[in-house]
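Structure first, commentary second.
FYI, it's all coordinate maths here, none of it is from the lab. The model shown is predicted, which means the values in this text are computed figures rather than measured ones. Positions of Cβ are backbone-derived with ideal geometry, glycine not excepted, and every protein chain shown enters the neighbour counts.
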Amino acid sequence: MDKETLDIIIKCGQRAPTSNNLQAYTIIYVKDNNKKEKLAQISGGQKWVVEAPVVLLFCADLNRIKRYSNSENKDIFGTSELYTVAIIDTALAAQKSLIAAQSLGLGGVVVGGIRNDMEKVHSMFNLPDLVAPLFLLCLGYPDHDPGLKPRLSKDVIFKVDIYDTSREDELIEEYNKTMEEYYKERSNGKVQSNWSEKCKQALSKQPRQKVDDFLRSAGFFK
Ligand SMILES: Cc1cc2nc3c(=O)[nH]c(=O)nc-3n(C[C@H](O)[C@H](O)[C@H](O)COP(=O)(O)O)c2cc1C
């Protein structure tokens, strides 16, 4: 990817909405192949981290505003509210970058697997306190069109005036059937699963306990 394209992607990312213009994130362009290899390992062997021509590390960053705000309200650092602000700012910047990349013909994958070992990623990139490596955005030119993964019916996630679940059972059942077909087709019949089962699988894993420890040691929580 040429420098100009990457510049456009990052500058579009910067146009994302940001709470109080705090811009509480930092993006690190990972060029070093050794670092890419290590990130792929930490993520549980996700080979696209090594293969993608551009790998961007998105970090929630409260360090910069602590240094430059001259805020006397030191207690604000270490609160859930400020942590949430940084997470949202970072996620919106990443999504805006991804949309920009897609509009230029690129494809991308978000890799949260690096949170398997945030401490290691933190030291690999010399990150200071109050900077948390959240996920990678791996970008490249797709060699085929993978198609769209079906999503929940709009009527499940979009509600008017009130949290109405009256049609959910029916709509989720339909979606489970759609996803069953999708997995079957994508795996040549090998994967027999659906959305509810995949959610169950995902939620039966042990949460990454070390994320909590890391966030405390990096000053995000007291
Ligand atoms: C925070 C976050 C973390 C993710 N982590 C991974 C990951 O580690 N590996 C992966 O293959 N996909 C991961 N994904 C999902 C992909 O980015 C992508 O959404 C998925 O491959 C499905 O593609 P689709 O969004 O086009 O349906 C993650 C998504 C999010 C939002």
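Summary of values
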{"quantity": "In region 6-111, trypsin sites (Lys or Arg not before Pro) in a DSSP loop with at most 11 other beta-carbon atoms within 10 Å", "calculated": "Lys31, Lys47"}
{"quantity": "Total charge dipole magnitude, the chain, about the Cα centre, Cβ charges on Lys, Arg, Asp, Glu only, Debye to nearest 20", "calculated": "680 debye"}
{"quantity": "Stretchable slack from Lys47 to Thr165, in nm (0.36 nm times residue separation minus alpha-carbon distance)", "calculated": "38.5 nm"}
{"quantity": "Whole-number D in µm² s⁻¹ for region 3-145, Kirkwood Cα-pair radius fed into Stokes-Einstein, 20 °C, 1.002 mPa s", "calculated": "137 µm²/s"}
{"quantity": "Dipole axis of region 87-184 (+1 Lys, Arg; -1 Asp, Glu on Cβ), positive-most option in Val111, Leu171, Leu139", "calculated": "Leu139"}
{"quantity": "Options Thr26, Ile8, Ser153, ranked by Cα towards positive dipole end of the chain, top entry (Cβ charges)", "calculated": "Thr26"}
{"quantity": "Proximal aspartates and glutamates to Lys205, defined as alpha-carbon separation beneath 17 angstrom and excluding residues fewer than eight positions away on the same chain", "calculated": "Asp117, Glu197"}
{"quantity": "Per residue convex hull volume, Cα atoms of region 154-197, in Å³", "calculated": "62 Å³"}
{"quantity": "Sites Lys190 and Tyr68, calculated FRET efficiency, Cβ-Cβ separation with R0 45 Å, nearest 0.05", "calculated": "0.25"}
{"quantity": "Förster-model FRET efficiency, 22 Å R0, Asp75 and Asp213, C-beta, rounded to 0.05", "calculated": "0.55"}
{"quantity": "Packing rank of 17-29, 165-177, where each peptide gets the mean count of other beta carbons within 10 Å, highest leading", "calculated": "17-29, 165-177"}
{"quantity": "Pairs beyond 20 Å (Cα-Cα), from Lys149/Lys198; Lys31/Lys120; Lys154/Lys184; Lys38/Lys96; Lys47/Lys177; Lys154/Lys190", "calculated": "Lys154/Lys184; Lys38/Lys96; Lys47/Lys177; Lys154/Lys190"}
